[in-house]
Structures are given as structure tokens and as C-alpha cells.
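Worksheet for the structure shown next.
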């Protein structure tokens, strides 16, 4: 996988100046898969088993599925943290950001955490104070800028982790159960923030177990089971009438083995 | 000599008057031990960080050896450096034996394992925690290592202070390679040993008081830093 190998943000979009009935550039019927036939083996088990994920290049896609389905792992593969044993990863790693379920914050102030991420993203020094202020505002963290990041509440810490992930201005933002341990109010703040990010040029992939959250946020849902993509559908249709027995059982709260 | 109480009051006299012999000895002690600590940190912190982060054959063995050397008896360190620097040793032609430089080398040998082992421990724990984050940021290896060292700052300062404390307090190594020569290589610990054996208790007591005060200061600072490092903002 190379960093130059990029997903087209809007496949099928016509080049400027073309008429609608003369498609000189061939349009793709489907977006190029971000993961194609990905297999990941650990100790003889196939944790990812021929997983193919097609992301549309915009909006919010939710990954759902029981524990052990390989949702977090597929985010890590997309972020370039885990190398698969087989299969293709069309990576935009340099423009991909990952927010972990449990935020990992540096032992520094809130401001210094953001500045560190901007330095990691090679943002020039003179631009950094402005960008820090922008990110603090986005996360509603202005009043906490000089607090030690490790002393923040769970909700504040996750807001910081999310806006820090935006320091690279990612094209693809991966959220791994970002609200799993948050109260409703903090959850709403994270959801608003993620929705706002998705309205701009960033595509969002969200791992969630909460059908309510998927309904509120996601445009499409990819249902995973045993390391495979089982079903892909628009969010409302999936939550209303899942097609596969595995997805029906999962949404009904029945045990999936 | 008029007994113990006389020695105590004479010691206070030396301290109060900032006796030049006393201050000379304290100054040389601080200079030698500080030099050794700085050298040991310059070598030991990168070494410890490397052992924490890099994967290479023999890494475990090297880490175990460094941990074992934390308890190296100072006289043995002194003996080893003596053998290297003595007239017939490999570094004999440099003429360093019985100079402050030789004392710095010997104390560096004592402090380095402490600094390296504590750095390795701290940086390894941070590396476990930060590794995925830093890789997901596409941070370069040197940038990542810098992040780990900055975030380990309290623990690394503690390691340096612990090393400085050990260097200041040891007698054996500086005695062997320094020779306890007045106004040249005489430091607090060797002076105390000599003055006590001569029965000159005043200077010994005064130096002992300074040494205890410095040691208390260092350990107070270590305790404060540990509090800070384990506090809610940092842990």
C-alpha cells in the first residue's frame, strides 16, 4: 500500500465542461474498495476473512456487528496500523485519522496536545497558534486550553481526541466507538462534532453498537460478522429491514455465534 | 581536641565562616558528581530509550546487564577505572589517574546503569501506551521518540537526581582513582573518611552536615517529582 494510491473522493463525477450525454471519462459503477479481500490471521484464527469495504467518499458510514466481528481491526487496517496477511488496502494513510475508543492523551496541557498533533502533521510554526485556536473552538475547549489533558472528564477528553484527529485535515476520519463510555450529553456533543466534520470534505467511518446512534448519524451501514462484510445498505433501510439473518439476529439482540 | 562538643561547635564555626577548605571540598564534590551525572544522562537516556523502543537481538540481555549493574559496588567501579587509567593500563598514557577527570569517569560508571535502567522502564511503559497514537499520526521515529522523552520528563528528572545522589554519597570509587589529594582530588566523602581517621572531627562533622543536607534536598525533590508524576494530571 502506498500513500499515493488514493481513493477518488467522488468517483463518477464528470470533468468540468463536459456535457451530460458525452461521458468521455468512464464513470465507475461503484467506488473503488478501500479494503479488498483483506485477510488477517492471528494464531490460526481468521480475524478478518476476505473483508471488502467500499466507502462512498463522503458522508458517514457506520460499521456495525457483534464483538469480534473485526470492526476495530478493520479501522486499524485502514489507518495503516495493522498490515493484513492478504488483500488490498487502498490507503490514504497520510490523510486518515483514527480516534480510539479510549482517548490516548499526552501528559501535557490541552493546548500542547493540539500543538503536538499539528507539529506531527508538519504544519508550519507560524500557522500553529491559529490552528490550535480553531480546533479549541471546534471542540468547545477554549476554557480548558491550559488544563492538563489527563485531568479532563471523559467527554472533554474524547472531544479533545476528536479535534486533535482533525489537526491533519484528514480526508477520512475513523471513529472507534467514540461514545462507548460517555453520558448522553457528552455523546450528543461528539455526535454533533462528527456530523459537522462530515458536512465538510471529510468522510467519516464510525464503529458503533448503538442502533440509535447509527440512525441519528449514519448515511449507510456496513454490517460485519466473523471478519466479513455481510450486508451494506442505507442506514434507515438496514435498521428497518435487515436482509441477512445475521443482521436481523444482531438487531433483535439475539446471541450471534 | 576538646571532645565531641568542642568538635560540634568548631564544625558550626567552619560552616558559618564558609571556611575556604570546606567550600573547596564541597565545590569539587559537586563539580565531579554533577559532571558524572550529566555524562551518564547524555549516554544513559538515549541508551535506555533505545532499549525501550528498538527491537534487536541481545536487547533483553543488555537490559538485564544494565539492571544488574545498578548495584555495582563503588570500589569495584573504582578498581575497574583504575586498571584502565593506571600507568600500565590501556589508557595510562593519557595521565588521567588521580585527577578530577578520572573521578568523573568512575562515577559515570556508577550513575549510568541507574539512569539507563530507569529511562528504559519509563519509556517502555509510555511506548506501550502511545505507540498506536503516534503511528496513526504518521509521526516519524525521531518525532515519536522525542514525544516519549518529553512526556517522561518527571521520571527522567527523578532518574538524574537519583544518580546524582548516588554519585555524591559514594566513597570507594573516588578514593581509588582520585587518591584523596588535598586541594586536587579531595571530595566530601573521602575528606570525611580521612579526617575521622585522623581524629579531626570538626571538618568531618561540617562536611557530614553538608552531605546530609544535600542528600535530603535531593530526596525531597525526588519525592515531589514522584508526586507530580503520579498525580491526576500526569498518571
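Considering segment B:7-108, the qualifying helices (runs of 4 or more DSSP H), each wholly inside and each with 2 or more residues that are surrounded by fewer than 21 Cβ atoms within 10 Å (Cβ to Cβ) and more than 21 Å from the chain's Cα centre (by Cα), run over B:20-53, B:59-69. Of the set (1) in a helix (DSSP H, G or I); (2) out of contact with any helix residue (DSSP H, G or I) (no Cβ under 7 Å at 6 or more places or on another chain); (3) loosely packed, with under 15 Cβ neighbours inside 10 Å, all apply to residue B:194 but (3). In segment A:134-143, the qualifying residues are those that are under 26 Å from the mean Cα position of the chain (by Cα) and free of Cβ contacts under 8 Å to residues at least 40 places away in the same chain, and the one that is nearest to the other protein chains (Cβ to nearest Cβ) is A:135. Here residue A:143 fulfils each of the conditions (1) closer than 23 Å to residue A:97 by Cα; (2) loosely packed, with under 14 Cβ neighbours inside 10 Å apart from (1). Please verify whether segment A:47-68 includes one or more residues that are over 25 Å from residue A:219 (Cβ atoms), within 14 Å of chain B (Cβ to nearest Cβ), in contact with a strand residue (DSSP E or B) (Cβ under 9 Å, 6 or more places away or on another chain) and not in a strand (DSSP E or B). Checked against the condition, which is being over 25 Å from residue A:219 (Cβ atoms), within 14 Å of chain B (Cβ to nearest Cβ), in contact with a strand residue (DSSP E or B) (Cβ under 9 Å, 6 or more places away or on another chain) and not in a strand (DSSP E or B), segment A:47-68 yields no hits at all. Can you tell me which residue in segment A:94-110 is nearest to the other protein chains (Cβ to nearest Cβ), limited to those that are in a helix (DSSP H, G or I) and touching a strand residue (DSSP E or B) at 6+ places or on another chain (Cβ under 9 Å)? Top of the filtered list is A:95.
You will find that of B:169, B:152, the residue that is within 20 Å of the chain's Cα centre (by Cα), under 24 Å from residue B:218 (Cβ atoms) and crowded, with 22+ Cβ neighbours inside 10 Å is B:152 and no other. On the given criteria, is residue A:155 at negative phi and free of Cβ contacts under 8 Å to residues at least 24 places away in the same chain? So residue A:155 does not fit the description; no. The criterion of at least 3 residues that are within 14 Å of another protein chain (Cβ to nearest Cβ) and surrounded by 21 or more Cβ atoms within 10 Å (Cβ to Cβ) is met by the following helices (runs of 4 or more DSSP H) wholly inside segment A:146-256: A:154-165.
Each row is one residue, and each column tells you yes or no for (1) under 30 Å from residue A:209 (Cα atoms); (2) within 11 Å of another protein chain (Cβ to nearest Cβ); (3) in a helix (DSSP H, G or I); (4) in contact (Cβ under 8 Å) with a residue 40 or more places away in the chain.
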| position | (1), (2), (3), (4) |
| --- | --- |
| A:74 | yes, no, yes, yes |
| A:82 | yes, yes, no, yes |
| A:112 | no, yes, yes, no |
| A:132 | no, no, yes, no |
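Scan segment A:114-130 for residues that are within 14 Å of chain B (Cβ to nearest Cβ) and assigned to a helix (DSSP H, G or I) and the total you get is 7. Exactly one residue among B:202, B:233, B:229, B:223 is farther than 26 Å from residue B:105 by Cβ, part of a helix (DSSP H, G or I) and within 14 Å of chain A (Cβ to nearest Cβ), and that residue is B:229.
No value in this document is a laboratory result; all are computed from the given coordinates. Small disclaimer: the values here were computed from a predicted structure and weren't measured. Note that we place each Cβ from the backbone using ideal geometry, even for glycine, and neighbour counts take in every protein chain shown.
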